1. Of (1) touching a helix residue (DSSP H, G or I) at 6+ places or on another chain (Cβ under 9 Å); (2) part of a helix (DSSP H, G or I), Asn85 satisfies all except one. Which?
2. Residues that are touching a residue at least 24 places away in the same chain (Cβ under 8 Å), in contact with a Lys or Arg (Cβ under 9 Å, 6 or more places away or on another chain) and among the polar types (S, T, N, Q): list the strands (runs of 3 or more DSSP E) wholly contained in the stretch 140-228 that include at least 1 such residues.
3. Under the condition of being in a loop (DSSP other than H, G, I, E, B) and among the aliphatic types (A, V, I, L, M), which residue from the stretch 91-113 is nearest to Asn134 (Cα to Cα)?
4. Between Ser164, Ser141, Ser131, which is at pLDDT below 95 and farther than 28 Å from Glu364 by Cα?
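The values are calculated or read from the model by the stated rules, or taken from the named source; none is laboratory data. Note that the coordinates shown come from a computational prediction; the quantities given were computed from them, not determined experimentally. A quick note on method: Cβ atoms are made from the backbone with ideal geometry, for glycine too, and the neighbour counts reach across all protein chains shown.
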Amino acid sequence: MSLPIWSNLYLILTIGVALRVVVCSMTLYCNYEISTDRFIVLSFTAHAQRSIDIEGHNKLALKLLVKTHKNGKNIVLSPFNIYSNLAMIEAGAGGETEKELLQVLNSNNPPQAVALIHEGLKTLIDHKVVSIANSFWSGESAGLKQEYADRFSKEFNGELLSLSGVAEQAANQVNDWVAKKTDNKIKDIVNAGDMAGTEAALVNAILFKGSWVNPFEASKTAGDTFFTFEKKLSRAMYMHRLGPVNYYRNEWLTCYELFFHDSLSFVIATGAEESTTIDDLFGGLEYEPSAITNLVTKGETLDFYLPKFKFNNKTNLIPTLEKIGLTQLFTASADLSKMFEGPGLRVNKIIHSAAIELNEQGVEAAAATASGFARSMPADSKT
């Protein structure tokens with residue numbers, strides 16, 4: 001069986017416990033000269049010793065994918081990193097703000113859900129396949145409650161750090177921390193403008209490094225011509241290998257499964273037919289989300305091509321989160337009474353940055369989310 005060279009790449013990268021938890025999702029677009037329009041979904045899966053309920057997390061992941069997807073635009077996100085950041089904010093929220101967060105996070109106890117996932121990833125963390133870091137930066141005027149500080153330190157294993165009152169220095173503090181925690185894959189997540197008026201910030205990061213059980217041979221990697229959607233001529237490098245690959249197929253989806261070390265698998269999903277679009281995929285996932293998160297594959301020998309790529313991007317998540325029902329957190333009505341001593345602070349920025357590289361040896365991916373708390377909402381907070 002021969003697998004065609006891909007075009008119109010759609011990627012969902014996940015790493016999970018028992019079921020698949022969406023850690024990183026990505027859209028890459030190109031029209032290859034030698035193939036019809038295609039897309040792929042990439043999924044990481046960790047095999048845990050016990051089942052963990054991650055349905056709420058994956059529901060948010062699918063919503064983020066649907067709301068951030070724009071036809072022809074490249075994007076990479078880490079839903080797990082975003083979920084964790086919002087769960088830590090929820091721990092400090094009250095009233096209607098807390099209710100909205102619980103509804104968006106699809107959980108009665110989001111911090112507990114995150115803690116259970118971290119517990120399930122312990123082996124991967126011990127083997128340095130995955131690393132997770134959390135930090136809370138507080139300025140002198142923020143009035144961070146000691147009860148929240150203690151919970152953040154103990155329950156989230158977070159670092160409590162001082163935030164400079166000078167915007168440029170505050171940006172440098174956050175950027176240096178993120179760069180260190182992501183092995184310099186995420187740089188300059190915020191700038192001085194982002195930090196202007198910011199009295200506190202909640203910043204978290206995740207780093208993944210997976211090595212193929214059966215690496216691709218670099219000598220078999222070769223270039224081929226393709227046209228972008230702007231009809232510009234370019235080149236793509238394709239890795240190639242002939243060997244066993246597990247697969248799964250239903251009426252709208254076909255999946256292929258490769259393997260990393262540490263009981264970690266990698267799923268590539270395409271539409272069942274060449275005419276299947278990304279919107280068709282989203283519709284199928286919304287109707288049958290378990291198709292990706294709980295699939296069972298069987299083996300077959302394939303003549304397999306997979307493109308190498310390296311990509312990163314940064315986005316302000318507030319407009320996307322507002323579309324899925326999270327609004328009060330960003331207004332003067334925000335209730336963060338479990339986090340800060342006095343009223344008036346609200347989230348004015350949620351900036352997310354992610355990066356991924358796939359090559360003959362494996363996959364490396366990183367992401368970070370920076371949520372800023374301020375007493376005013378800059379005019380550009382929704383841009």
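1. Asn85 satisfies all of (1) touching a helix residue (DSSP H, G or I) at 6+ places or on another chain (Cβ under 9 Å); (2) part of a helix (DSSP H, G or I) except (1).
2. Details: elements: 159-162, 198-211, 222-227.
Result: 198-211, 222-227.
3. Filtering the stretch 91-113 for residues in a loop (DSSP other than H, G, I, E, B) gives 91-94, 106-109.
Next, from what is left, pick out any that are among the aliphatic types (A, V, I, L, M): 91, 93.
Values: Ala91: 14, Ala93: 18 Å.
The residue in question is Ala91.
4. Working: Ser164 fails: at pLDDT below 95; Ser131 fails: farther than 28 Å from Glu364 by Cα.
When all the criteria are applied, what remains is Ser141.
Residue-by-condition table, conditions (1) in contact with a helix residue (DSSP H, G or I) (Cβ under 8 Å, 6 or more places away or on another chain); (2) surrounded by 24 or more Cβ atoms within 10 Å (Cβ to Cβ); (3) free of Cβ contacts under 8 Å to residues at least 24 places away in the same chain:
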{"site": "Thr68", "(1), (2), (3)": "yes, no, no"}
{"site": "Asn81", "(1), (2), (3)": "no, no, no"}
{"site": "Ala91", "(1), (2), (3)": "yes, no, no"}
{"site": "Gln103", "(1), (2), (3)": "no, no, no"}
{"site": "Asn108", "(1), (2), (3)": "yes, no, yes"}
{"site": "Gln112", "(1), (2), (3)": "no, no, yes"}
{"site": "Lys122", "(1), (2), (3)": "no, no, yes"}
{"site": "Asp126", "(1), (2), (3)": "no, no, yes"}
